[in-house]
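The values are calculated or read from the model by the stated rules, or taken from the named source; none is laboratory data. Keep in mind that this is a model prediction, so the values were computed, not measured. Here the Cβ is made from the backbone with ideal geometry for all residues, glycine too, and neighbour counts use every protein chain on show. Remember, those area values only see protein heavy atoms, side chains included, never the ligands or the DNA or RNA. Shrake-Rupley method; radii C 1.70, N 1.55, O 1.52, S 1.80 Å.
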Amino acid sequence: MVWTLGRARGETWLRYYGPVLGLVALIKGLLLIYGALSYQILGDERLASFAEVFTIWNQWDTPHYLNIAQYGYQATGPLRETLVFFPLFPWLSRVLLPLTGDAFAAALIVATLASFGLALAALALYRLDESLPVARLAVWFLFIFPTSYFLHIAYTESLF
């Protein structure tokens, strides 16, 4: 029932939720461009291909999630440090791994789909108390908050 909250009779799902999904896609694209430009300017390095725009985000905790997705949890050896990471994100990435052939691409797809789901759920939640324009602005502010880049890269935050 929440998913139809606020929609006028006859209003299509895409017309109601489309602007929010487009907003998330736009912010994700701008973040990737900004990250690539920042990497090139601050690191004084050129990105050789379009694929490197994505691979610059494969650092910090992302390699740990990718190791869990590819090899699972291990209680001994060099991968035992992965025991501290939550399992849902790597498991979902592992499900997509046969389709993509690349763990990092699978993780980015999971994060993207989860951030779209977050935007839809947040819009429905905000719509309980506010008008549609205010609810859309609230989603906008959620996704432009300075630390919201965690919602767009291969991290578990978009699932939370």
Test set (1) on the phi < 0 side of the Ramachandran plot; (2) open to solvent by 60 Å² or more (accessible area, probe 1.4 Å) - residue 104 fails condition number: (2)
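When the residues of segment 123-147 are narrowed to those that are open to solvent by 10 Å² or more (accessible area, probe 1.4 Å) and among the small types (Gly, Ala, Ser), which ends up farthest from the chain's Cα centre (by Cα)?
Residues of segment 123-147 that are open to solvent by 10 Å² or more (accessible area, probe 1.4 Å), as a first pass: 125-134, 136-138, 140-142, 144-147.
So of that shortlist, the ones also among the small types (Gly, Ala, Ser) come out as 131, 138.
Numbers: 131: 26, 138: 18 Å.
It comes out as 131.
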Residue within segment 62-85 that is open to solvent by 50 Å² or more (accessible area, probe 1.4 Å) and in contact (Cβ under 8 Å) with a residue 60 or more places away in the chain present: no
Residue satisfying all of: in segment 63-107; in contact with a Pro (Cβ under 9 Å, 6 or more places away or on another chain) and among the β-branched types (Val, Ile, Thr); modelled with the lowest pLDDT among these: 82
Answer from 33, 41 - the residue that is more than 25 Å from residue 103 (Cβ to Cβ), open to solvent by 30 Å² or more (accessible area, probe 1.4 Å) and part of a helix (DSSP H, G or I): 41
Output for segment 71-88, where each listed residue is over 18 Å from residue 153 (Cα atoms) and assigned to a helix (DSSP H, G or I): 71, 78, 79, 80, 81, 82, 83, 84
Given (1) open to solvent by less than 70 Å² (accessible area, probe 1.4 Å); (2) at positive phi, index of the condition residue 54 fails: (2)
Failed criterion for residue 118 (all others in (1) outside any helix (DSSP H, G or I); (2) closer than 30 Å to residue 13 by Cβ hold): (1)
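Please determine, by comparing only the residues of segment 44-61 that are in a loop (DSSP other than H, G, I, E, B) and among the acidic types (Asp, Glu), which one is nearest to residue 104 (Cα to Cα).
61
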Pairs with Cβ under 8 Å, 6+ apart, first in segment 41-59 and closer than 16 Å to residue 30 by Cβ and hydrophobic (A, V, I, L, M, F, W, C), second open to solvent by less than 70 Å² (accessible area, probe 1.4 Å) and part of a loop (DSSP other than H, G, I, E, B): 53/47; 56/47; 57/153; 57/154
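Condition check: part of a helix (DSSP H, G or I), touching a residue at least 40 places away in the same chain (Cβ under 8 Å) and surrounded by fewer than 17 Cβ atoms within 10 Å (Cβ to Cβ). Does residue 91 satisfy that?
Numbers: part of a helix (DSSP H, G or I): yes; touching a residue at least 40 places away in the same chain (Cβ under 8 Å): no; surrounded by fewer than 17 Cβ atoms within 10 Å (Cβ to Cβ): yes.
When the stated conditions are applied, residue 91 does not pass them.
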